[in-house]
Structure formats: structure tokens, C-alpha cells
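Below is one structure, written out as C-alpha cells; the observations come after it.
Please treat every number below as a calculation from the coordinates, not as lab data. Remember, predicted model here, so these are calculated numbers, not experimental data. So basically every Cβ, Gly included, is an ideal-geometry build from the backbone, and we count neighbours across all protein chains shown.
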């Protein structure tokens, strides 16, 4: 449990400031709404006793994956639709769970519900498994009595998002494999192949050739510092594992990558898919627009995007239309804003989902083109480096033969 400082609006329009203890921001939101308060800002107090984010053991900690939670959601929806009570359905799934971590999570949910908590309150105690928008959707569904149908829709949308992430990971895996293979080949050449030529040309004037001498020096340095290089590689690997768990480092790395030529549009399409897919899901689940924007804010990668959504949220609360506020912000492309404007008249939820589907298809095509360019580019660079090494060494050998003759 942690302490959270909050600012909220009362039904009379007054600003209420205070502190509440809870398991997560989502739990605090539920508690404030129960008190008829509209959250403005929720910040974890600096003096809380929450453990630090990084520890060596936390790198390898085993948490339920997004796919595990999606499958639980799908199974729970099917059981509830069949007439099984919520606590009984959770108990059944926990008894048949293949992974111990899922069984433990479900048993904890069952204990919370047995003590009288709602499903939304129970899931809010596990923010690592159930994000804030999941908790909010469940809360609204429980209030409206549509939990089985809502969980089915939520499971389908999570499956679609996971499939998109898998496609992105697959697209990045091929260039990553090529880069790793290139490093391996270069290391093998420097450690095994070049030393043979170095011994053969040792003491000859041909070895003093500029390019050949550079290659031989690199080979000697690589072999002499092999242990240090291996240790450094392990440190870099561990640092990378830590970096992917640090949100500020992830943001800066992602922002730097998105500045590369040709990737800016892909980043814009990915941001549009995230925004519109979450907006459509939340609106279709009867979440009000202010709460939906607040939840979408936490899914954004860049701090500037979160600040843009804060500005949009402030203007929407003042009565402006969502499309009008988005039009003045560099958050979404103009075509996406136009599609949402049309949706405000015919149905914002379905329009947002159509917009997300359109930009998801465009993102898919863009990633395919990027990989088609990046793969051959890496192969070309590796070929050029290997060719430079071969030509330099062979030139030195030919020079030595000429001196012998």
C-alpha cells in the first residue's frame, strides 16, 4: 500500500485536496468516484514506503503476462455468460490454471471478492496485471450489469493489441538478428582469421600498409582484451534489461529511435492506434469522455503526448468538442481528427475503433516497408566491412609476394 496525494472536484465545483492510502492510482480513482469526487491529479507521495522500482531480482521477477490476463478475461466472460457466479467462475479458472502465478493471482481475487469487494476493486489491487483502463471498464460494466458482454469485448480488444505488438516484435527481430549475426561474424574474423594472416606477414614491410596495419592492430587488441570485452558485453546486457524497466529511459530511447529517417511517421501511426483504440474501447464501455482521456493519458509513451492530452482534457471539461481540441494539438493526424469529428455525430466509440483499424493497417504496411529496407541495408554494411578487411589483407599478401619475386 502507498500514500497518494490528490486534487479533485466536488459536485459543487470546489477543489478538494487530500491524501488517501491505496494499492494503486486506479484504486484511488475508484475511491474518489465513490465519494462523488472527480479526480484532477493523483500523485504518489514521496514519503511512501513503496519499494524502489529496480532491484537485481526484479529484473527476472515472474509476473502474469498480458496474454495470460487476456485468456483469463476470455474464460471469465464465457463462464459468466453461462450463468456461473463471479466468485465461482474465478475459483474454477484458478483450479484449472496452467501457470502457478495465474492461480495465485486468481485465488487472491477470489479472496477479495469473498470479503465483499467488487471485481473492479479486486483487480485494482494488482496494477501490474490489470491496467487502469481495465479496472475502469470493469467498474462501469459492474454498475450497468453488463460484465459478461464487456469482458468479451475487452478480451477481443486485448487480443488485437497483443497481435499488433507481436507483429512489431517480429518486424524488429529480423534486423536485430542480422545485427547480432554481423557482430558475431566480425568478432570471429578478428579473433580467428586475421591472426593467421598477422603471423604470416609478421615482420614484412607489407604488414606496415595503412589499412592492413589497422586491421592487425584491431585483431591484437580484440584478442588481448577478450575477457574485458566479454565482461563489458554482460554489463551492457544487464544494463539493457534494467533500462527496459525504467520508463524515463524507455521514453528517451524510443524518442531517439523515432527521430531516425522514415520512422517519424510510424511513430505517429502507432500513437494514433493507441489513442483511438483505447478511446473506442472506453467509450463503447460507457466510460465518460473525461475519464477516458485521463486513462488514455497513462498509455502514452512520450511526456509531451501526456501534456497534450492534459490540455485536451481541460478544454473538454470546459465544454469544447473533442475533435475541436485535438485539431489544435499535434497529437493526431488531421485525417484521424476528421474521422473522430464525424464520429461525434454518428457515434464516437465505433468511429474511434474504425480510425484505429485504419491506422493499424497503415502501420503494418509501414513496418513491412521499413524492414524490407533495413534488412538489406544491414547486409550491405556488413558486406562492405568484410570486403574492406579481405581487400586490405589480400593487398598486403600480394605486396609480400611481389617483394619475394
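Multiplying the residue separation of residue 168 and residue 227 by 0.36 nm and subtracting their alpha-carbon distance yields 17.7 nm. The C-alpha atoms of the chain define a longest principal axis, and helix 25-34 lies at about 10 degrees to it. Among 136, 99, a tally of other beta-carbon atoms within 10 Å of each Cβ gives an order, fewest to most, of 99, 136. Relative to the longest principal axis of the Cα atoms of the chain, the long axis of helix 264-284 lies at roughly 20 degrees.
Against the chain, whose longest principal axis is taken from its Cα atoms, helix 210-224 shows a tilt of about 60°.
As a rough footprinting exposure proxy, the listed residues 110, 338 were ranked by other beta carbons within 10 Å of their own, and the order from fewest upward is 338, 110.
Apply the Kirkwood formula to segment 57-130: the hydrodynamic radius equals the inverse of the mean of 1/r over all pairs of different alpha-carbon atoms; give it in Å with one decimal.
Every distinct Cα pair counted, the radius reaches 12.6 Å.
Look at (i) 64, 23, 14; (ii) 84, 24, 15; (iii) 53, 26, 21: the one that is semi-axes √(5λ) of the Cα gyration tensor in Å derived from this structure is (iii). Cβ crowding within 10 Å ranks 383, 308, 118 as 383, 118, 308, fewest other Cβ atoms first.
Spacing of the modelled spin labels on residue 302 and residue 192, each 7 Å from Cα toward Cβ, amounts to 4.5 nm.
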